[in-house]
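Worksheet: the structure to be examined is printed underneath.
The values are calculated or read from the model by the stated rules, or taken from the named source; none is laboratory data. Small disclaimer: the values here were computed from a predicted structure and weren't measured. Using ideal geometry, Cβ is built from the backbone for each residue, glycine included, and neighbour counts are taken over all protein chains shown. Only protein heavy atoms, including side chains, enter the accessible area calculation; ligands, DNA and RNA are left aside. Shrake-Rupley method; radii C 1.70, N 1.55, O 1.52, S 1.80 Å.
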Amino acid sequence: SKGNHRHYMLKEIYEQPIVVAQTLRSYVRRLEGEIAMPAADFDLTAVNRVTIVACGTSFYAGMVAKYWFEQFARVPVDIDVASEFRYREPVLEPGGLALFISQSGETADTLAALRHARQAGQTIAVVVNVPTSTMAREADLLLPTHAGPEIGVASTKAFTCQLAVLAAFAANLARAKGRLSDEEERRIVRHLSEAPAALNAALAYDEAIEAVAAQIVNARDVLYLGRGPDYPLALEGALKLKEISYIHAEGYAAGEMKHGPIALIDESVPVVVIAPSGPLFDKTVSNMQEVQARGGRVILISDYDGVEQAGENCLATLTMPKVHPLIAPLVYAVPVQLLAYHVAVAKGTDVDQPRNLAKSVTVE
Ligand code: F6R
């Protein structure tokens, strides 16, 4: 049931602190400061390449994970949307791990890609929310998310749980390959363990986010910008907005704006900039200022320091809790989800059952 919530989507957004904590319990031992993984019956140390394949929101979780696999484990990662994967005739060599991410575990494109990778001799790992699904059954290594049933068509809590699993798995691969010191492992576990409280703190800004949504309701187009592991969040924010509010939205890598899309900027196009403070902040802010210099109206989502430093000329700012960059993609999922949600509610669309969409896409 929806409980006290008006829509399943809202209920599921609010469940995130609990379900992420629940998921993390299977992947980290907080007190010991250790990653804990389901046993793999293959040799993780032999993995020399990871190929990530998924669709939609699950694909964006994979894009974030690519940063983590490369950063922690120094293993090269290839990533594709499932509907494109087979047709580019990917080079899949021995020692390759193919990683599929899916809430439902039934998405036809992802399943076809999984079977293709299996044929090509890849070891198959699956991050899936439905433990009885086809993908779960076909995995060599099953990495379940424990988000519970997701009813709203727009994926929310599955996404943050996928990120939690993927961060732990990337750290685990790094450890298996001897590329993670005990100290680094403890640090990663500590940051991940901080995610549920940080998600709670982000949810506390719901009313502020609702007020910002009023600035977007009448827009025809909205752009989302992010950099590094927060670039996929820009894509996710745009996907959420378009699928439930039917407003045209695009996500771009912040630094890519100047290569074309900046031509779209005028005062009628709100630009949502996702920029937690951290090593990439200054670069993203200079991209944001390029937008502002052309009359663009910016909604900056950052933390207290970021908003202090760069919030001055913005149409609106949203202040998230200050978190380690590792968990920023989880925490910043909350404002992009809530922003889309409140815009859709204000427009009066069917939030849980958007037009033309189904919860699980079982055709290729
Ligand atoms: C977006 C959304 C879809 C799904 C995609 C993959 O809110 O729900 O983009 O993420 O259809 O579905 P799964 O994860 O079930 O494979």
Original post:
Restricting attention to region 143-155, does a residue exist that is surrounded by 22 or more Cβ atoms within 10 Å (Cβ to Cβ), β-branched (Val, Ile, Thr) and out of contact with any Pro (no Cβ under 7 Å at 6 or more places or on another chain)?
Top reply: yes
**OP:** Hand me the list of strands (runs of 3 or more DSSP E) wholly inside region 229-315 holding 1 or more residues that are buried (at least 17 other Cβ atoms within 10 Å of the Cβ) and within 16 Å of the ligand (Cβ to nearest atom).
**Re:** 248-253
Subject >> Out of ALA214, ALA202, sole residue that is within 22 Å of VAL351 (Cα to Cα), in contact (Cβ under 8 Å) with a residue 24 or more places away in the chain, open to solvent by 50 Å² or more (accessible area, probe 1.4 Å) and among the small types (Gly, Ala, Ser) >> reply: ALA214
Original post:
When the residues of region 145-154 are filtered to those that are under 20 Å from HIS342 (Cα atoms) and out of contact with any Leu (no Cβ under 9 Å at 6 or more places or on another chain), which remaining residue is nearest to the ligand (Cβ to nearest atom)?
Top reply: GLU150
**OP:** Determine, yes or no, whether SER102 is crowded, with 24+ Cβ neighbours inside 10 Å and out of contact with any Phe, Trp or Tyr (no Cβ under 6 Å at 6 or more places or on another chain).
**Re:** yes
Subject >> Residues within region 69-79 that are open to solvent by 20 Å² or more (accessible area, probe 1.4 Å) and either modelled with pLDDT under 95 or more than 21 Å from ALA39 (Cα to Cα) (or both), tallied >> reply: 6
**OP:** Kindly establish whether LEU141 is within 15 Å of the ligand (Cβ to nearest atom) and in contact (Cβ under 8 Å) with a residue 60 or more places away in the chain.
**Re:** no
Subject >> Hits in region 80-90 - residues which are part of a helix (DSSP H, G or I), modelled with pLDDT under 95 and either among the aromatic types (Phe, Trp, Tyr) or buried (at least 17 other Cβ atoms within 10 Å of the Cβ) (or both) >> reply: ARG86, TYR87
Original post:
When both residues are 6+ apart or on different chains and their Cβ atoms are under 6 Å apart, which pairs have a first residue that lies in region 59-70 and is closer than 17 Å to LYS240 by Cα, and a second that is away from the ligand (no atom under 14 Å from the Cβ) and assigned to a helix (DSSP H, G or I)?
Top reply: VAL64/PRO229; VAL64/PRO329
Subject >> region 147-191: number of residues that are touching a residue at least 40 places away in the same chain (Cβ under 8 Å), more than 30 Å from SER1 (Cα to Cα) and polar (S, T, N, Q) >> reply: 1
